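Visitor: So that we are looking at the same thing, I have put the structure below in structure tokens.
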Amino acid sequence: MEGMAPAPTGADAVAVGDPQQRQTGSVEMARVHFLKREQWVGWPLKSVFPFFSQPENLALITPPSLDFRLLTPRPVSMQAGRVIDYTIRVLGLPVRWRTLISRYDPPWCFVDEQIAGPYSFWHHTHRFSERNGGTLLQDEVRYVLPQMLLWPVGELTHAIYVRPQLEQIFDYRQKVFAGLFGGVETTSAASAPAGAKSGHGSA
């Protein structure tokens, strides 16, 4: 995105700090799940990153079954402290999700964190790097299920619904990216607590 808009104020401004202090629930006492994806695409970084700098494009990379709807007035400028509101459908019901862009370092990295939504904790790091004439896209997600889903119900729900749905969402994204930017789709790392080693190298 060309240039930088003024820092958001009022309802659109949120202090950037410890994500665990901004989200409800105790992450330290909960099981933190981990998802990681990597994908190489053929376009150069300078041509790929502008797509990710426009939140309006989230609708293009979200499965139609989730009925993604952006609520924040357009255009949406990407910058640290930006709050983005949207809805998706979970089990057929509309769920509102409020996201904070807590870090924005174009064209190398940005982080989105859930302020309000279906998870007790959600922290998604997007990394971009130049690789073999194209771009390596890397996603690292840490998330905690809603506190109302007590063990063992929570882990069962995660195994039969939450994790498979997340994998499907990221599979869909990779197909879209391959179609837009060329390249190949890759597999995901296995579910593991945060800090555990995955099948991919460190980003």
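Taken together, the values in this text are just the output of simple stated rules run on the coordinates, not laboratory data. For clarity, every value in this text was computed on a predicted model and none was experimentally measured. Cβ placement follows ideal geometry from the backbone for every residue including glycine, while neighbour counts extend to all protein chains displayed.
Visitor: In terms of modelled amide H atoms, which long-range or inter-chain residues lie less than 5 Å from the amide H of Gln79?
Guide: none
Visitor: About its Cα centre, how strong a charge dipole does the range 107-162 have in debye, to the nearest 20, once Lys and Arg get +1 and Asp and Glu get -1 at the Cβ?
Guide: Result for the range 107-162 is approximately 60 debye, rounded to the nearest 20.
Visitor: For Arg74 and Lys46 in the same chain, what is the full-extension length gain: residue separation times 0.36 nm, less their Cα-Cα distance, in nm?
Guide: 7.8 nm
Visitor: Here's another thing I want to ask about it. With point charges of +1 on the Cβ of Lys and Arg and -1 on the Cβ of Asp and Glu, referenced to the Cα centre of the range 30-188, which listed residue (Phe68, Gln174, His33) lies farthest in the positive direction of the dipole?
Guide: Sorting the options by dipole projection puts first Phe68.
Visitor: Among Tyr161, Tyr104, Tyr172, Tyr143, which comes first, then next, by fewest other beta-carbon atoms within 10 Å?
Guide: Ordered by Cβ neighbours within 10 Å, fewest first: Tyr161, Tyr172, Tyr104, Tyr143.
Visitor: Dipole of the range 28-148, Cα-centred, from +1 at each Lys and Arg C-beta and -1 at each Asp and Glu C-beta, to the nearest 20 debye?
Guide: 100
Visitor: Moving to a separate point now. If I model a spin label at Arg127 and Arg31 as a point 7 Å from the Cα along the Cα→Cβ vector, what separation in nanometres do I get?
Guide: Distance between label points: 2.6 nm.
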